[in-house]
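Data first, discussion second: the structure below is written as structure tokens.
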Amino acid sequence: MRISQKQLELVNRQIERLIAADNFYGRRLKEAGVGRLETPDDFLALPFSEKQDLRDAYPLGLMACREEEVVRIHSSSGTTGKPVIIPYTAKDVDDWGEMFKRCYEFAGCTNRDRIQITPGYGLWTAGIGFQNGCEKLGAMAIPMGPGNTDKQLQMMMDMKSTVICATSSYALLLAEEIEKRGIKDKICLRKGVIGSERWGEKMRKRISTELGIELYDIYGLTEIYGPGIGINCLGETGMHYWDDYLYLEIIDPATGKPVPDGEQGEIVITTLVKEGAPLIRFRTHDISRIVTEPCHCGSRFPRIDVISGRSDDMMKVKGVNVFPKQIEEILALFPELSSEYQIRISHLDGKDSMRIYVESSGSNDFAALQKKVAETVKSRIGFTPLVYVVELGFLPRSEKKSKRVIDERFQ
Ligand code: ZN
């Protein structure tokens, strides 16, 4: 989707701000001799920015406003190396809240809802983002934070929560606990707003059926405000995103060139009105595509498809490139299997091997099932994995993100 004249004008203002701040990206723009952008092609000549650039700017090198204007920082969790620190002005916090409010509205939430928020509060953007949007909407926030499932369920019953905000792993855990404890008739949930991890259609169906609620996928990343920059609408899986705050491109991760609308590629985001830490052409490494068909809901906001993976999630096994999503799609073909799986890759006797552990949904003939799954992977992807079907509930459940791929070759 080409950049509009109006968006281009906003990018020009972001560039002025960055150059004036003389931060890492401002210096890079200056070195590249970037002046005013007149055409969409001028935009495509701008250099990309990467997570590593943001790490290098630690702690406050991204700041593009006066320090007196910064009201808050957030930080990405950074499992490796230095974290990224993002400064926010009061307007940034407000803009983020407006975007998040829009997400709740797209999900059909109103100021009559009671919204139970289970993502974590703290340096990261999760809990506080859900909270900020909820307050803007005028709904009642129940700010639980993560964990303590007993208390979560007690509050859910006593407060008659109508909306649950959670990761998909935690929503599944809660759904299973509600079923186990036989308390479904005391639960008033009608919607789930689910963020921060990729999940399959099968898991979505389980959570939605077991809890009897509508589910919405929320998109976002700490570097670009946080969760709340996009969400799906009722009955659709593609997510609307807010093109008055952000410009999204889809590029070929190998060449950096834009792909035609509708084709898969990496999401690259440019902020249009950010003050604390504007980002130009930030490479998210999330894989998706622009949905070209107009949405039945009639909204003018453009859409991207569900995130299908990360460009850096690609696994190379026996010389074959494979994404976790491809394995997930194969597992979804078998109704005898549940949504939960784990992939382990190891290197033994000079050879790569992939083991797939997957939970049964009730079938007892594990041996025949294992053989069928292995054969399907061989025919569709090109190598034969070792498949182990296990009892339902065997694999670990998580209150945060489930770790689905474990590469033992690098441990
Ligand atoms: Zn829609």
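None of the figures in this text is laboratory data; all of them are computed from the coordinates on show. Since we're looking at a predicted model, the values are computed, not measured. For neighbour counting, all protein chains shown are included, and Cβ atoms are generated from backbone atoms with ideal geometry for every residue, glycine included.
Report, as a whole number in µm² per second, the diffusion coefficient that Stokes-Einstein gives for the stretch 257-306 at 37 °C and 0.692 mPa s using the Kirkwood radius over alpha carbon pairs. For the chosen part, D equals 263 µm²/s.
Note: relative contact order over the stretch 115-258, using C-alpha pairs below 8 Å and six or more positions apart, is 19 percent. Here the stretch 23-163 has an Rg and Dmax of 19.4, 61 Å, counting Cα atoms alone.
The simple spin-label model puts a point 7 Å past each Cα toward its Cβ; for residue 292 and residue 159 those points are separated by 4.5 nm. Coupling constants for the stretch 10-22 follow from the phi torsions by the Karplus curve (6.51 cos²θ - 1.76 cosθ + 1.60, θ = phi - 60°), and in residue order they are 5, 4, 4, 5, 5, 5, 4, 4, 5, 5, 5, 6, 6 Hz; glycine and proline get x. Build a GNM of the chain with springs between Cα atoms under 10 Å apart, and of 360, 398, 299 the one that fluctuates most is 299. The slack between residue 2 and residue 333, meaning 0.36 nm per residue of separation minus the straight C-alpha distance, is 115.5 nm. Of the chymotrypsin sites (Phe, Trp or Tyr not before Pro) found in the stretch 215-298, no site is in coil according to DSSP while having at most 15 other Cβ atoms within 10 Å of its Cβ. From the alpha carbon centroid of the stretch 36-63 to that of the stretch 364-411 is 40 Å. Values of log10 I(q)/I(0) for the stretch 89-308 across q = 0.12, 0.16, 0.18 Å⁻¹ run -0.62, -1.07, -1.31, by the Debye formula with one identical scatterer at each alpha carbon and no solvent. Taking 283, 190, 27 in turn, the Gaussian network model of the chain (Cα-Cα springs below 10 Å) assigns the largest fluctuation to 27.
For the chain, a Gaussian network of Cα nodes joined below 10 Å ranks 322, 70, 306 by mean-square fluctuation, and the top entry is 322.
For the stretch 32-89, the mean projected area of the C-alpha convex hull, equal to one quarter of the hull surface, is 5.4 nm².
In summary, the lysines within cross-link reach of residue 191, defined as a Cα separation below 26 angstrom excluding same-chain residues under 8 places away, comprise 101, 136, 151, 160, 180, 202, 205, 325, 400, 401, 403. Here the contact order of the chain, divided by its residue count and restricted to Cα pairs under 8 Å and six or more residues apart, works out to 13 percent. Expressed as a whole percent, the proportion of Cα-Cα pairs in the chain lying more than 30 Å apart is 46%. The spread of Cα positions in the stretch 315-410, taken along each principal axis and listed from longest to shortest, comes to 36, 32, 23 Å.
For the chain, DSSP calls about 60 percent of its internal beta bridges antiparallel. Look at the alpha carbon pairs under 8 Å that are at least 6 residues apart: their mean separation over the length of the stretch 41-125 gives a relative contact order of 28 percent. Dividing the convex hull volume of the alpha-carbon atoms in the stretch 21-65 by its residue count gives 80 Å³ per residue. Distance from the Cα centroid of the stretch 182-256 to that of the stretch 301-326 is 17 Å (rounded to whole angstrom).
Sorted on the mean count of surrounding Cβ atoms within 10 Å across their residues, most packed first, peptides 33-42, 327-336 read 327-336, 33-42. As a calculated quantity, the FRET efficiency between residue 123 and residue 326 at R0 = 22 Å, using C-beta atoms, amounts to about 0.05.
Just need log10 I(q)/I(0) for the stretch 98-138 at q = 0.14, 0.24, 0.33 Å⁻¹, Debye formula, equal scatterers on the alpha-carbon atoms, no solvent, rounded to two decimals. For the stretch 98-138 at q = 0.14, 0.24, 0.33 Å⁻¹, log10 I(q)/I(0) is -0.27, -0.76, -1.18.
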